[in-house]
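Asker: Dropping a structure here in structure tokens format, bear with me for questions.
The values are calculated or read from the model by the stated rules, or taken from the named source; none is laboratory data. From a predicted model like this one, the values you see are computed outputs, not experimental measurements. For neighbour counting, all protein chains shown are included, and Cβ atoms are generated from backbone atoms with ideal geometry for every residue, glycine included. Just so you know, the surface numbers come from the protein's heavy atoms only, side chains and all, with ligands and any DNA or RNA stripped out. Shrake-Rupley method; radii C 1.70, N 1.55, O 1.52, S 1.80 Å.
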Amino acid sequence: MNFYDIKVNNTEGNAVSMAGFKGKVLLIVNTATGCGFTPQYDDLQALYEKYNDKGFEILDFPCNQFGGQAPGTAEEIESFCTINFGTTFPRFEKIDVNGENASPLFRYLTDHTKFEGFDPAHKLSSVLDNMLSEADPDYKSKSDIKWNFTKFLVDSNGNIVKRFEPTSDLKVIDKEVSDLLK
């Protein structure tokens, strides 16, 4: 199986093939509306506006697996993101990113990347590290998604270029996106 073989559901429950994004640079994000990282929607929207007309898409996948921070229906999540952050990038059906019911897309992404650690300069890194270490002292060695707003950069040929944890600086992501669009 390759990246373009994967299908996901949009907010209406209709299947969407990743093949429809061939030729585009993608940033795939698991999101939540009630998380300390939720304000990243502002930066993501700015990134989308900056590069969308150059072949860039952000694919937003709400996930309620981390502290129940993505409650609500697809309509409620869409309304929240539009009213509070003015998001215009595609949002998909709420999914699981880890475990038995994990989306095939996120299974693929985590099977082909590894957790590289949180940005030590970010104020929430130590909070996440402490919380995750208590639950699983070996969490750093596993490739599963650790928290909301984990991002995967995919090039225009369907290759995963890089995984960014929620604490990653959006300026770094901006530079990576810019480089891929050249």
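Asker: Please give the per residue accessible area of the stretch 129-169, computed with a probe of 1.4 Å over protein heavy atoms only, in Å².
Answerer: Values: 1800 Å² over 41 residues.
Per-residue value: 44 Å².
Asker: Which whole-Hz ³J(HN,Hα) couplings does the stretch 72-88 yield from phi under the Karplus relation 6.51 cos²θ - 1.76 cosθ + 1.60, θ = phi - 60°, glycine and proline marked x?
Answerer: Taking θ as phi minus 60°, the curve returns x, 7, 4, 5, 5, 5, 4, 4, 4, 5, 6, 5, 8, 10, x, 5, 10 Hz for the stretch 72-88.
Asker: Return the carbon/sulfur percentage of the accessible area of the chain, one whole number, probe 1.4 Å, all protein chains in place. Display every interim value, and only then the final one.
Answerer: Numbers: 4210 of 8770 Å².
Answer for the chain: carbon and sulfur cover 48 percent of the accessible area.
Asker: Per-residue HN-Hα couplings for the stretch 21-27, Karplus 6.51 cos²θ - 1.76 cosθ + 1.60 at θ = phi - 60°, whole Hz, x for Gly and Pro?
Answerer: 9, 4, x, 10, 8, 10, 10
Asker: When a/c is below 1.5 the answer is rounded, else prolate if a/b is larger than b/c, else oblate, so apply that to the stretch 79-137 with a ≥ b ≥ c taken from the square roots of the Cα gyration tensor eigenvalues. Don't skip to the answer; put the middle values down first.
Answerer: Numbers: a/c = 2.12, a/b = 1.26, b/c = 1.68.
Taking the square roots of the gyration eigenvalues as a ≥ b ≥ c, the stretch 79-137 is oblate.
Asker: Now, a different point. Relative contact order (percent) for the stretch 1-132, with alpha-carbon contacts under 8 angstrom and 6 or more residues of separation?
Answerer: Numbers: 171 pairs, mean separation 33.7, N = 132.
Here the relative contact order equals 25 percent.
Asker: Whose amide H sits under 5 Å from the amide H of Thr31, counting only residues 5 or more places off or on another chain, with H placed in the peptide plane?
Answerer: Excluding prolines and chain starts, which carry no amide H, the hits are Phe61, Cys63, Phe149.
Asker: Percent of Cα-Cα pairs more than 30 Å apart in the chain, please. It would help to have the intermediate numbers written out before the result.
Answerer: Numbers: 1911 of 16471 pairs.
It works out to 12 percent of all Cα pairs.
Asker: Now, a different point. If we count GluC sites (Glu not before Pro) as exposed when they sit in a DSSP loop and have at most 14 other beta carbons within 10 Å, what is the longest stretch of the chain that avoids them all?
Answerer: Working: sites that count: Glu12, Glu100, Glu116.
The segment 13-99 is the longest one with no such site.
Asker: For the stretch 1-110, run through the trypsin sites (Lys or Arg not before Pro) and keep only the ones in DSSP coil with at most 14 other Cβ atoms within 10 Å of their Cβ. Before the final figure, lay out each step's value.
Answerer: Details: sites: Lys7, Lys22, Lys24, Lys50, Lys54, Arg91, Lys94, Arg107; in loops: Lys22, Lys24, Lys94.
Counting only loop positions with at most 14 other Cβ atoms within 10 Å, the trypsin sites (Lys or Arg not before Pro) in the stretch 1-110 are Lys22.
Asker: Given H placed 1.01 Å from N in the peptide plane, which residues other than close sequence neighbours of Val16 have an amide H under 5 Å from its amide H?
Answerer: The answer is Val8, Asn9, Asn10.
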